[in-house]
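Peer 1: Take this structure, written in structure tokens, and hold onto it; I'll ask about it next.
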Amino acid sequence: MSRIGRMVAAIDPEPRTPEQGRGARELFHEIVATPGRTRRRVRWPVLVPVAALLAAAAVVSLAFVPRGAPSGIAPHPALAFLRSGDDWIVTVKDLYAEPGRFAAEFRARGLDIGLSIAPGSPSVVGHVTNGVFSEGARIEEELADCGVPADRCVVSFRVPAGFRGSARIWLARPARPGERYVSAGTADAAGELLHCVPFRGMTVDDVRAALARRDGSIEDFRVGERSERARRVPGSWFVEDAVPSAPGQVIVWARRGRVTLSPELTARVEKMEAGCPATSG
């Protein structure tokens with residue numbers, strides 16, 4: 001199965017075959033490129049809110065509407081373009097715009113860039129989740145300032161003014177009521193339902209109670225060697241992992257026997273829980 005297929009499988013009811021030694025985070029939180037002779041894989045850094053100077057620059061970019069904008073751009077554009085030296089700083093003004101609006105505004109400036117924005121869980125909102133670029137193309141994620149939880153989101157890109165390649169970029173935005181996540185972080189990442197809850201190895205009943213205290217619930221389960229879907233499991237089973245699937249809901253991987261964490265996962269969890277209270281949930 002392709003990496004994109006695995007990413008979708010984490011929240012789709014179709015069963016999948018798990019890879020040993022990998023948690024649910026890797027099912028979602030990888031940047032993937034479409035294979036092809038002129039394509040290359042690109043990994044984007046996960047950014048955090050930056051210094052006040054860059055934040056101020058983002059506000060200026062967000063408000064900037066260039067005079068004499070090229071034809072084909074709507075009166076209320078979805079993107080703002082601010083010239084900075086040899087580059088454009090492109091700021092997303094409307095995270096809920098259709099891809100066609102973004103494409104038209106890039107095309108009006110001679111840029112072959114596609115931008116698609118889909119619902120993501122709080123810890124990935126505002127970040128690039130996938131990117132496909134022609135050989136030699138260069139686009140940099142300039143700023144992602146969305147806060148935790150993400151009640152606002154400013155995302156900017158730096159694009160060379162003379163850009164002649166092609167690019168397709170996927171970005172995560174806050175989910176609207178009734179929407180499911182297309183991309184997600186781990187269930188214990190900052191801003192997620194189980195942040196600061198050491199849920200791996202807890203019983204299903206204990207995790208369910210921790211979620212309820214945060215107005216959350218378990219949507220369903222994945223069990224067995226093939227991660228088959230199950231609507232219910234005994235409350236005494238143990239939780240291996242969990243992934244946000246929609247606002248207020250997670251999918252849980254559960255098993256009969258106790259859970260043993262790998263040293264790598266233990267180190268990652270400890271780093272993620274740095275600063276959390278001694279007991280939480």
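The values are calculated or read from the model by the stated rules, or taken from the named source; none is laboratory data. Keep in mind that what you see is a predicted model, and the values were worked out from it rather than measured. Cβ placement follows ideal geometry from the backbone for every residue including glycine, while neighbour counts extend to all protein chains displayed. Accessible surface areas use protein heavy atoms only, side chains included; no ligands, DNA or RNA. Shrake-Rupley method; radii C 1.70, N 1.55, O 1.52, S 1.80 Å.
Peer 1: If packing is taken as the average count of other Cβ atoms within 10 Å, what order do 209-215, 233-239 fall into, highest mean first? Walk me through the numbers before you get to the answer.
Peer 2: On the way: 209-215: 14.1, 233-239: 16.6.
Ranking the peptides 209-215, 233-239 by packing returns 233-239, 209-215.
Peer 1: Something else: Grab the Cα-Cα distance for SER217 and SER166, subtract it from 0.36 nm times how many residues apart they are, and report the gain in nm with one decimal. Show your work: numbers first, answer last.
Peer 2: Working: separation 51, 0.36 × 51 = 18.36 nm, distance 4.17 nm.
Here the answer is 14.2 nm.
Peer 1: Which percent of the accessible area of the stretch 82-183 is formed by carbon and sulfur heavy atoms (probe 1.4 angstrom)?
Peer 2: Numbers: 2070 of 4130 Å².
Whole-percent figure for carbon plus sulfur exposure: 50.
Peer 1: Just the number, please: Stokes-Einstein D of the stretch 95-140 in µm²/s, Kirkwood Rh from C-alpha pairs, 25 °C, 0.890 mPa s.
Peer 2: Numbers: Rh = 12.2 Å.
Once the numbers are plugged in, D ends up at 202 µm²/s.
Peer 1: Counting residues in the stretch 213-273 as N, plug N into 2.2 N^0.38 Å and put the Cα Rg over that result.
Peer 2: On the way: Rg = 12.6 Å, N = 61, 2.2 N^0.38 = 10.5 Å.
Cα Rg divided by the expected 2.2 N^0.38 Å: 1.20.
Peer 1: At what distance in nm do the modelled label points of ARG158 and ARG83 sit from each other, each positioned 7 Å from its Cα along Cα→Cβ?
Peer 2: My value for the distance between the label points is 1.8 nm.
Peer 1: Further question on the same structure: Quick check on packing: order 122-132, 195-205, 157-167 by the mean number of other C-beta atoms within 10 Å, highest mean leading.
Peer 2: Numbers: 122-132: 24.6, 195-205: 18.6, 157-167: 16.6.
The most tightly packed comes first, giving 122-132, 195-205, 157-167.
Peer 1: If you don't mind, there's one more thing I want to ask. What Rg and what Dmax come out for the stretch 105-264 when only alpha-carbon atoms are used, in angstroms?
Peer 2: Taking only Cα atoms of the stretch 105-264, I get Rg and Dmax of 19.2, 60 Å.
Peer 1: At a Förster distance of 22 Å, what's the computed FRET efficiency of SER134 paired with TYR96, Cβ-Cβ distance as r, to 0.05? List each step's numbers first, then the result.
Peer 2: Numbers: r = 28 Å, r/R0 = 1.25.
Between SER134 and TYR96 the formula returns 0.20.
Peer 1: Residues in the stretch 184-209 near a label at LEU261, defined as backbone nitrogen under 13 Å from the 7 Å Cα→Cβ point?
Peer 2: 187-189, 195-202
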